[in-house]
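I have placed the structure first, in the form of structure tokens, so that the comments after it can refer back to it.
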Amino acid sequence: MTWWSRDPSHRTGAAPIAAALICALAVVTGAIAADRADTSGEPLKPVTLRFVSWKADHPRAWDEAFARFADSHPHISIVRELAPHSSTAYHDLLTQKLKNRDATVDLFFMDIIWVPEFASAGWALPLDDLFSPEEQEHFLPAAMETGRYGGHVYGVPSRIDSGMLFYRADLLAKYGFAPPRTWAELITQAESITRGERTLHPALRGYSGQFKQYEGLVCSMMEFVGGYGGHLMTPDLRHSLLSTPATLAAVEFVRDQIIGHIASRAVLTYQEPESVVPFIQGNAVFHRNWPYTWEVANDPRRSKIAGKVGVVPLPRMAADRPPTTALGGWLYAISPFSRHQREAWDFIRFISSAPLQRHFALAAGIAPSRAAVLQDEQVLEANPHFRAQLAMFHGATSRPRTPLYPAISNILQRYFSRTLAYRDVNLRAEAERADAQIDRLLEIGRSAR
Amino acid sequence: MMKSALRALSADHAAAWWMLVPALVFTFTLAVYPVIASFILSLYRIILSMPALGEPFVGLENYAELLRDPTARQAFLVTAGFVALSTTLELILGLCIALVIHAQFPGRGWVRAAALIPWVIPTAVASQMWRYIFNDQYGLANLLLFGDRVAEYVPWFASPGVAFLIMVLADVWKTSSFAALLILAGLQLIPDELYEAARIDGAGLWQRFWHITLPLLRPALLLALLFRTMDSFRVFDLAFVMTQGGPGDATQVLQLYGYKAMFTEGRMGYGSAVSVSVFLAIFFLSLLYIRAIGSRLLERNA
Amino acid sequence: MAQRLLLACGIALTVAGSLAPFLWFALTSFKTQAEVEAVPPLWWPSGGWHFYRVALFDHHLLAYVANSVIVAGSTTMLALAIGIPAAYVLARVKLPGKAWFLGGLLTVSMFPQMAIAGPVWRLLADVQGLNTHWGLVLPYVTFSLPIVVWILASFFRELPAELEEAARVDGCTTWQTLTKIMLPLAAPGIFTAAILTFIYAWNEFFFALLILTQPGKQTLPLGIALFQGEFTIPWGELAAASVLATLPLVLMVLLFQRWIISGLSAGAVKG
């Protein structure tokens, strides 16, 4: 018995009766006519694609890209459906549609962390037949990897994305510092700069990042865990490793040396949009964020520090350790329930083509996922930070790749948030408890019938 | 003559039943049936992202899981604490507001309207509003407390206890006036003569309140208490908009926890077990309600 | 004298406590971007409708308003259409098991949304009701029926029984008695029930979050909760949108405060 399935053959007896009743009643509301209009009919030639994405961070660059597509593909029109910026809210909304086998979604932006989940659930179309191996070779191998799961490709990388360190070049120069290469250096610099500026600028803090209880907390903490040479999970994804020394050390470091010290405790309430504000207002020396911050911080219309910003890879935990950063990014994916998969692929091929990636790099500062475009002279000249970004991208660690990731992420968020926000919790006990919860979930995940 | 009257009456009875049918259909299709379906769902292990696992019947395993899960326990404690604290405060504040808007004074209509405004403001709006008031940089709370001493500004939502209290405050602000309305109705039932008599006997303001108002208000207070208890058990919007459950699960309420399990994690079976547990908790509370007050109402209705 | 002073304090605190927090938000909506971002915050805005323009035109607030009007309006109509006959029967006609029905109905109004969310979602998916306004109206009607029935039943009960008996003697059926005699008399009660249902549907969040995934269809509370700017949290626009979302309700309260209060107290305490 399939209690949840949307497959009509599995409907339970009560549902059709209820359905009929509801339909009859619904007519009364009169709203039905308006709602029906956009779902009916099998259009012949002109095709409308519905593209679920977030509110574009560079509307003009996107508008131009869509206009170009309309020129070259006059029979396909694109309707953008804007979903929330927050990855989790976006995820919930999109998966609601996919669970419903909603044919009105044709293609969507897919966060790289959803690939195993969507692949396993059948919510993303395998692209193996459409995306030829030759074409795949044009993309950075590490970027291609984010879209693969279980031997299939489910998404085309739209960009490369990983955590970076932004800093106030003017302040560092004033105090004679080179950009920090280790966390110890960063802390020393932050302390001496804030001390030196105290009378002039009492609101200046050393650091701003994201430590709210939400998906981004996992990224932030994973970077520190990696810094200590630790991992969140064993490579075979059978066991959680929160109670290993490296992972515990990372939590202690953030709790004792960053939050409430070089950073205000307010970072415990920050996601990306809140955390960037102190930085662009000139109230933070260092800032960890995703690459788009370069554009924001250098835009004189909304930033008080335009032209005074530097960007480098995230610091290492010690000079002899490798740098680490969290892998982020968004993939173009096609809904398996779309009736226009061919056209959706046409659009993806267009929007991820070399000329368009160049356009996005120049107009919006989005780092290309195609190797050739990333090395383009003109692109690099406009975006000097792409070099640092590429270097970081290759060492970036991905969050655990399992279809159960949303549930595991909630446990991780809870664990990190508790251990950072409550100073007096028993760290080891909390870690062991979270380990047990995650291991239990993984065990359920392995219990195939 | 007698016979036809009887027939008319029974036909009338049928008509009466028919007038109840639409309400019954709605209630059964969209409230009673779903609760039963939720219970059945909670006996299966269904993980939407892993269809390969099948959907095995697991009996009460999801409930066992729920009892073992520290996050669920935390969510239950947070919710219970929220219910206890917010209803107590709402009742006290509601009583005060009710006493004020019950008094006779010019412009009473305007004051009553003002008191009602928080209650009609959408919870989503109220949540954003309180989030802004307690913002670490732009917030009114910091401005009032510290003025321009910016370095002393407090990041309110960063402390688990404070974040929880802000959630309580937002709820108290929004729904005290609802409690006040119910209490006001009780106040209006107390005859003025009682107060007159007490005044003649020389009873002071406080004595009149303590010996007349409060005892006679008991039914209304009890009603407000139970209405608010059951309603605040369902808190969701506040946590969803203000904190997403953080920091450290300090504002992780049961409905948010269940929502995450069901719709973020796709664990339908487990999420249903959470829902059914919330339902049972509220159901027993409402039985209490029916016993304490409802029976009196039901007798009158019967 | 002490009593008058106490009352004056009470009035001042009630009014200030109720309005001040929202007034701060309203003041924010009239600030400029620089004033919104000022640390320490500024008390007074230099004025301007900038954020209202942005909220209305760039964030398509009117579309959300329209959706909310459609949903709340349809809910109110349907809930009354179904609730009035039910309330009348429960108030006036002697039926076995009536008390149970009333008690059960009250319990339904207290159901946590979560407890029915999964199956309701699936039911609506089966009838193509997800992402439609009527799909949202159906659960809303279910949850507003209890309050409608309770308020109206108490109103019908207060009406003099002689009128009905006269109608019955004249050969009116139950239905005719209701529509011709009782309905006009119960108009104030119906009005109160309508206002309360409208407020409920205008403000509801959980089901809207569950059922409406398409931005063009979403209602105001969703729009406010998921409000987003390009990179930062747009407090100015958010405040403006919040004021606009709340304005209709504030007007309603100012105009109909007496009906709301009498309706709620009648429904709740007099039973």
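Read-outs: derived from the displayed coordinates by stated rules, not from any lab. Computed from a predicted structure; not experimentally measured. For neighbour counting, all protein chains shown are included, and Cβ atoms are generated from backbone atoms with ideal geometry for every residue, glycine included.
Averaging the inverse of every distinct alpha carbon separation and then flipping it gives the Kirkwood radius. What is it for chain C, in angstrom units? Every distinct Cα pair counted, the radius reaches 21.4 Å. Given an 8 Å cut-off on Cα distances and at least 6 residues of separation, report the relative contact order of the stretch B:187-262 as a percent. Once normalised by length, the contact order is 20 percent. Sorted from longest to shortest, the spans of the Cα atoms of the stretch A:111-155 along the three principal axes equal 28, 20, 15 Å. Taking a sphere under 13 Å around the Cβ of A:GLN210 and counting the other residues whose Cβ falls inside, with K and R at +1 and D and E at -1, yields a net charge of -2.
Across the stretch A:236-282, counting alpha-carbon atoms alone, Rg and Dmax equal 14.6, 45 Å. Considering the dipole of the protein assembly as shown built from charges on the beta carbon (Lys and Arg +1, Asp and Glu -1) around the Cα centre, which of A:GLY395, C:TRP134, C:GLY48 is farthest to its positive end? Ranked along the dipole, the leading option is C:TRP134.
In this structure, the pairs whose alpha-carbon distance is over 18 Å, taken from A:LYS212/A:LYS304; A:LYS97/C:LYS217; A:LYS97/B:LYS260; A:LYS174/A:LYS308, are A:LYS212/A:LYS304.
Gain in length, A:ASP128 to A:ASP71, computed as 0.36 nm per residue apart minus the alpha-carbon separation, to one decimal in nm? Numbers along the way, then the final one.
Details: separation 57, 0.36 × 57 = 20.52 nm, distance 2.78 nm.
Contour length minus Cα-Cα distance gives 17.7 nm.
With respect to chain A, whose longest principal axis is taken over its alpha-carbon atoms, helix A:354-364 is tilted by about 50°. All distinct Cα pairs of the protein assembly as shown go into the 1/r average, and the inverse of that average, the Kirkwood radius, is 30.5 Å.
Structure remark: mean-square fluctuation, Gaussian network model of chain B, C-alpha springs under 10 Å; the largest value among B:GLN207, B:GLN128, B:GLN255 belongs to B:GLN207. Averaging the sequence gap over all C-alpha pairs within less than 8 Å and six or more residues apart, then dividing by the number of residues, gives chain B a relative contact order of 28 percent.
How far apart, in nm, are the 7 Å Cα→Cβ label points at B:LEU214 and C:TRP49? If labels sit at B:LEU214 and C:TRP49, their model points lie 5.4 nm apart.
When the alpha carbon gyration tensor of the stretch C:19-74 is reduced to an equivalent ellipsoid, the three semi-axes, largest first, read 27, 14, 8 Å.
Can you sort C:MET114, B:MET242, B:MET19 by how many other beta carbons sit within 10 Å, fewest first?
Values: C:MET114 29, B:MET242 24, B:MET19 21.
Ranked by crowding around the Cβ, least crowded first: B:MET19, B:MET242, C:MET114.
Modelled label positions at C:ALA12 and A:GLN257, each set 7 Å beyond Cα in the direction of Cβ, lie 5.4 nm from each other. In this structure the amide hydrogen of B:TYR44, modeled in the peptide plane, comes within under 5 Å of the amide hydrogens of B:VAL58, none closer than 5 places in sequence on its chain. To the nearest ten degrees, helix A:341-351 and the longest principal axis of the Cα atoms of chain A are 30 degrees apart.
To the nearest 20 debye, what charge dipole does the stretch B:163-224 have about its Cα centre, counting +1 at the Cβ of each Lys and Arg and -1 at the Cβ of each Asp and Glu?
On the way: 4 positive and 5 negative charges, 40 e Å.
In total the dipole reaches around 200 debye.
Between A:ARG181 and A:GLU381, the distance separating the two model label sites (each 7 Å from Cα on the Cα→Cβ line) works out to 3.0 nm. Once the mean of 1/r is taken over each pair of separate Cα atoms and inverted, the stretch A:75-160 shows a Kirkwood hydrodynamic radius of 14.0 Å. What translational diffusion coefficient, in µm²/s and rounded to a whole number, does the Stokes-Einstein relation yield for chain A at 20 °C and a viscosity of 1.002 mPa s, taking the hydrodynamic radius as the Kirkwood radius over Cα pairs? D = 90 µm²/s. Taking amide hydrogens as placed 1.01 Å from N in the peptide plane, the amide H of A:GLU81 sits under 5 Å from those of A:PHE51, A:VAL52, A:SER53, each at least 5 positions away in sequence or on another chain. Residues whose amide H comes within less than 5 Å of that of A:VAL285, counting only those at least five positions distant or on another chain, are A:ARG205, A:GLY206, A:TYR207 (H built at 1.01 Å from N in the peptide plane).
Assuming a viscosity of 1.002 mPa s and a temperature of 20 °C, what translational diffusion coefficient in µm² per second does Stokes-Einstein assign to the stretch B:82-126, Rh being the Kirkwood radius over Cα pairs? The Stokes-Einstein estimate is 180 µm²/s. Using the charge dipole of chain C (Lys, Arg: +1 at Cβ; Asp, Glu: -1 at Cβ; taken about the Cα centre), state which of C:ALA186, C:LEU163, C:THR197 has its Cα farthest towards the positive end. My answer, from the dipole projection, is C:LEU163. Each of A:ILE160, A:ILE76, A:ILE193, B:ILE36 was scored by other Cβ atoms within 10 Å of its Cβ. Arranged with the fewest first, they read B:ILE36, A:ILE76, A:ILE193, A:ILE160. Between the residues B:VAL83, B:ILE46, B:PRO118, the greatest Cα displacement towards the positive end of the dipole of the stretch B:43-129, with unit charges on the Cβ of Lys, Arg, Asp and Glu, is found for B:PRO118. Projected onto their three principal axes, the Cα atoms of the stretch A:47-96 cover extents of 34, 24, 8 Å, largest first. Taking only the alpha carbons of the stretch B:4-128, we obtain Rg and Dmax values of 25.1, 70 Å in that order.
A straight line joining the Cα centroids of the stretch C:135-156 and the stretch B:41-98 runs 27 Å. Evaluating 6.51 cos²θ - 1.76 cosθ + 1.60 at θ = phi - 60° for every residue in the stretch B:162-175, the Karplus couplings come out as 5, 4, 4, 5, 5, 4, 5, 4, 4, 5, 4, 4, 6, 10 Hz, glycine and proline recorded as x.
Dipole of the protein assembly as shown, Cα-centred, from +1 at each Lys and Arg C-beta and -1 at each Asp and Glu C-beta, to the nearest 20 debye?
Working: 80 positive and 77 negative charges, 371 e Å.
Using only the charged Cβ atoms, the result is roughly 1780 debye.
Counting Cβ atoms of other protein chains within 10 Å of each residue's Cβ and taking the mean over peptide C:27-33 gives 1. Computed from Cα atoms, the angle from the helix A:427-446 axis to the main principal axis of chain A rounds to 30 degrees. Residues C:TRP44, B:TRP156, A:TRP62, ranked from the fewest to the most other C-beta atoms within 10 Å, line up as C:TRP44, A:TRP62, B:TRP156. Its DSSP H runs of at least 4 residues, each contributing -39,500 (n - 2.57), put the calculated 222 nm mean residue ellipticity of chain B at -22500 deg cm²/dmol, to the nearest 500. Note on the stretch B:104-194: the C-alpha convex hull projects to 8.6 nm² when averaged across all orientations.
For the stretch A:176-224, the relative contact order works out to 22 percent when only alpha carbon pairs closer than 8 Å and six or more residues apart are counted.
Taking θ as phi - 60° and the Karplus parameters 6.51, -1.76 and 1.60, the scalar couplings of the stretch B:266-273 work out to x, 8, 5, x, 5, x, 5, 4 Hz in sequence order, x denoting glycine and proline.
Taken one residue at a time, the phi angles of the stretch B:101-110 give Karplus couplings (6.51, -1.76, 1.60, θ = phi - 60°) of 7, 7, 5, 8, 7, x, x, 4, x, 5 Hz. Gly and Pro are set to x.
Can you list which of the DSSP-assigned H helices in chain C have a Cα extent of 27 Å or more along the long axis and an average Kyte-Doolittle score of at least 0.0?
Values: long enough: C:2-29 (40 Å, 1.42); C:61-92 (45 Å, 1.55); C:133-158 (36 Å, 1.19); C:235-265 (37 Å, 1.45).
Membrane-span-like by this criterion, though nothing is claimed about a membrane: C:2-29, C:61-92, C:133-158, C:235-265.
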